[in-house]
Structure formats: C-alpha cells, structure tokens
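Reviewing the structure listed below.
Values in this text are rule-based calculations from the coordinates and carry no lab data. If you're wondering where the values come from, they're calculated on a predicted model, not measured in any experiment. As a convention, Cβ positions derive from the backbone with ideal geometry for all residues, glycine included, and neighbour counts pool all protein chains shown.
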Amino acid sequence: MTDHREVAMVVWPGQTPLIEDCLAALLADYHLRTEAEKGEPVADVAGLPDRYRAEITDPRTAFADDLVLVALQGDIAVGCLVVTSPANGQSEIKRLWTDSDFRGRGIGSALLGAALAHAAESGADRVRLSVWEWRTAAIALYERLGFTVTQSWDERKRLVCMQRSV
C-alpha cells in the first residue's frame, strides 16, 4: 500500500486545465469499463448514454453542485471521486475510480477518507453509495470503512446500495 503522503488530493474545479483533462480521462475509463462489465460494451465515449457522456465532456456543469476530488501521484491523476452536497442530512459518493495501473496502493481509501471528512464538515449525518455487485474489491473496501448494505434506492438490477453514518 502506498504511503498516503505521496498522494495529493486536489479539489476540482479551481485547478489547472490539466486536471480537467485528467478528470475526463478517468471518468471515460470508469464509464467505458462499467458498460463493458454490464455486458453492454461501447467502442468509445460517443457510444455512452448522454448523461455519462455529459460528465466526461463537461464535468464542470455535470458536477456543478458537487465536490470532485482528484488524486495525484506526482503530476499524474490516478483517481477520482465525487461527493454530493448534503440533502436531508445525507451525501452520496459517486464515481470512485482508480486508474488500473495504480490500484492496491491505498488511493481509493485516501479518496474515501477525504470524502467522508468533507461530508461530515458539510453537515451530513450519513453517506450513501451504490456499487455494482461484481465489484467485490470495492465492496470489501466500503465494508472495511464501515459501510453496510441497505435497502436499494435504485431500480437497476445487480446494484448494491450501501450507507454509513459520518
């Protein structure tokens, strides 16, 4: 596992255009891999559903009300995560993704730790997330951090909904 001091967290927007390009690349990888894992592979970003394509092409608008964290190792963007502003005492974590070349180094844990701290500072009592059931390593990480499976709020099959108190 990487020493977390080697991973810098930057809040986006507010950073250089390089961060925006890196965030778009991470989100594209996330969505393309997810579609392939669901058995609905697409060749490129143009084949993604509109809402996912919008996150990649215009993250500033897509995440206008959210906090976006980008993990950097040196000048390389290696992971990202989106956490929503609290609504009714609850924030949601979305789009946790670590570049496959950098997995197993604590980057996901560092992103989640920063997101949970932000949610608490923002007044959230709970944080929720959803994850595809085949992403067992992610589920194990969430469980290690205190998330538990809860009643689904999403109609998509094979989606696991989890939450934890902050």
If the chain between Val149 and Arg60 were fully extended at 0.36 nm per residue, the gain over the current Cα-Cα distance would be 29.0 nm
Computed E for Lys38/Glu121 - FRET, C-beta separation, R0 25 angstrom, nearest 0.05
0.15
Hz values of 3J(HN,Hα) by residue in the range 27-36 - Karplus curve (6.51, -1.76, 1.60), Gly and Pro given as x:
5, 4, 4, 4, 5, 5, 5, 4, 4, 5
Can you sort Leu141, Leu26 so the residue with the fewest Cβ neighbours within 10 Å comes first?
Leu141, Leu26
Quick one: Val68, Val166, fewest Cβ neighbours within 10 Å first, how do they rank?
Val166, Val68
Please rank Glu20, Glu92, fewest neighbouring Cβ atoms within 10 Å first, as an exposure proxy.
Glu20, Glu92
